[in-house]
1. Taking the stretch 87-141 only, how many residues are assigned to a helix (DSSP H, G or I) and hydroxyl-bearing (Ser, Thr, Tyr)?
2. Determine whether Gly69 is within 14 Å of the chain's Cα centre (by Cα), over 24 Å from Pro165 (Cα atoms) and modelled with pLDDT of 95 or more.
3. Which of the residues spanning the stretch 72-107 are touching a residue at least 60 places away in the same chain (Cβ under 8 Å), hydrophobic (A, V, I, L, M, F, W, C) and closer than 17 Å to Tyr144 by Cβ?
4. Specify the residue that is modelled with the highest pLDDT; the eligible residues are those in the stretch 8-53 that are within 18 Å of Leu107 (Cα to Cα) and of a type in the set (S, T, N, Q).
5. May I ask you to say which residue of Tyr157, Tyr144 is over 24 Å from Ile14 (Cβ atoms) and in contact (Cβ under 8 Å) with a residue 60 or more places away in the chain?
6. Would you check if there is a residue in the stretch 155-174 being closer than 26 Å to Glu32 by Cα, aliphatic (A, V, I, L, M) and at pLDDT 95 or above?
7. From the residues in the stretch 63-86 that are touching a Ser or Thr at 6+ places or on another chain (Cβ under 8 Å) and not in a loop (DSSP other than H, G, I, E, B), which one is surrounded by the fewest Cβ atoms within 10 Å (Cβ to Cβ)?
Amino acid sequence: MAIMPMSEFDRFMILFDRLYDFTETYVYKTPEDKYDWKPVEGPGVSFGDRLDDVTIKSLHIHLTVSEDGFVRSICEIEEGNEIPLPINKQLSKKLDNGDFITLGRELHTNCMQMLKRLTPEEISRTVWFQGCEYSVMGFLWALYAHYAYHLGNIDTYMRQGDMKPTAFFNFTKPTMA
């Protein structure tokens, strides 16, 4: 069966949703007693400037809070404006104190619905983030890269903790973009 050509945005939506599913699968495969496990303690363990306590749970929370903040900004931003850092301490705390996987899924589902309402004109807008100029579409790919980067961190933790992560590219849905 041939895969029909599609827009870049449609391709992004499929691939980003699959990447979220894949990340969530890794977290589901993590035993609960390993959610807050750290393979190495110390200042050398850093997966970004804004993460202080790096664990599989904290990485998943960071990703879902970031996704929520970035998508809300993308949907509301005007041409040429700056996307703020997606810091939401209240939402992070809610996820940390609750069922972070289920709540993360709800956030992702909501974000996907918000993104589906974007028009081609909105996707083409120019925006700024941390001194760099993007189209909204370009920034969405940066969001994808952010997930992929931290999925690699989660994979590393799982391997160091002998948790046997899933082999990458084994997506559960048969049709790819």
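The values are calculated or read from the model by the stated rules, or taken from the named source; none is laboratory data. Please read all numbers here as calculations on a predicted model, not as lab measurements. When we count neighbours, we look across all protein chains shown, and the Cβ atoms used for this are built from the backbone with ideal geometry, even at glycine.
1. Final tally of qualifying residues: 3.
2. Yes; evaluated as a whole, the condition is true for this residue.
3. Residue satisfying the conditions is Ile74 alone.
4. Thr23
5. One residue alone meets the criteria, Tyr157.
6. no
7. Val65
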